[in-house]
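Here's the structure, in structure tokens; my notes come after.
Read-outs: derived from the displayed coordinates by stated rules, not from any lab. Everything numeric in this text was worked out from a predicted model, so none of it was measured. Using ideal geometry, Cβ is built from the backbone for each residue, glycine included, and neighbour counts are taken over all protein chains shown.
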Amino acid sequence: MPTIFSHAVVPIATSLGIGNLVSRRLLVFSAFCAILPDFDTLAFKFGIPYASQWGHRGFTHSIAFALLVALLAMCFARPLKSRAWVVFVLSFIAVVSHPLLDMATSGGLGVALYWPYSNERVFFDFRPITVSPIGIANFFTARGWAVLKSEFLWVWLPSIILLFTLRGMRR
């Protein structure tokens, strides 16, 4: 998986690119939504196996989960100080970007993107993002540095391009 920082980059770049339609509250909320799917790691604490539909990269990494979160998020449009459709779109992009990035990593069992229709775990054929080590101590190693370089090239740089593309389209 990419680091939580890189997962948050996609909705942050999108929010900043869209501009005035996105409040600061929604920007922060969308960054949270981007890391939300990885809360499924709590399943390990309850003895739920990784490969289970309820395990890591299971149902929380599906398009259905992204739609559900986006629909629920619309209920909070007022407190997020944004229009409901903007909350829906940005929340959906934030949540669905997470499994899409995970599908581009070099490790794990894949993601249950099509749950509940299929529990099959999928990856992209092209998987250039180096999977992130788990735990802070493991991150400050040569492998951690390789992950950062990989994420900069395959997540941060395209997100920066997205930001400036969206800003250019607004003009």
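Relative to the present Cα-Cα distance, how much length would full extension add between Ala64 and Leu162 at 0.36 nm per residue of separation?
Values: separation 98, 0.36 × 98 = 35.28 nm, distance 2.47 nm.
The Ala64-Leu162 span can extend by a further 32.8 nm.
Hey, can you rank 68-76, 114-122, 99-107 by average C-beta count inside 10 Å, highest first? Mind showing how you got there, number by number?
On the way: 68-76: 16.3, 114-122: 14.3, 99-107: 19.4.
Descending packing order for the listed peptides: 99-107, 68-76, 114-122.
Using Cα atoms only, what is the angle between the long axis of helix 24-35 and the major principal axis of the chain, expressed in degrees (0 to 90) to the nearest 10?
For helix 24-35, the angle is close to 20 degrees.
Identify which of Pro158, Pro37, Pro11 has the largest mean-square fluctuation in a Gaussian network model of the chain, with springs joining Cα atoms closer than 10 Å.
The residue with the greatest mean-square fluctuation here is Pro158.
Just to confirm the number: angle between the C-alpha axis of helix 142-151 and the first principal axis of the chain, 0 to 90 degrees, nearest 10?
Value to nearest ten degrees: 40.
Per DSSP H run of n ≥ 4, the term is -39500 (n - 2.57); total these for the chain, divide by its residue number, and report the mean residue ellipticity at 222 nm rounded to 500 deg cm²/dmol. Don't skip to the answer; put the middle values down first.
On the way: 7 runs with 86 residues, N = 171.
About -15500 deg cm²/dmol.
To test your reading of the geometry: what angle, between 0 and 90 degrees and rounded to tens, separates the Cα axis of helix 63-74 from the longest principal axis of the chain?
Around 40 degrees separate the two axes.
For the chain, what does the alpha-carbon gyration tensor say about shape, rounded, prolate or oblate, given a ≥ b ≥ c as the root eigenvalues, a/c under 1.5 as rounded, and a/b over b/c as prolate? Could the numbers behind the result be given before it?
Numbers: a/c = 1.87, a/b = 1.26, b/c = 1.49.
Oblate shape, in that a/c is at least 1.5 and b/c is the bigger or equal ratio.
Report the net charge of residues surrounding Val69, where surrounding means a beta-carbon distance below 15 angstrom and charges are Lys +1, Arg +1, Asp -1, Glu -1.
Numbers: positive: none; negative: Asp38, Asp40.
Charge balance near Val69 sits at -2.
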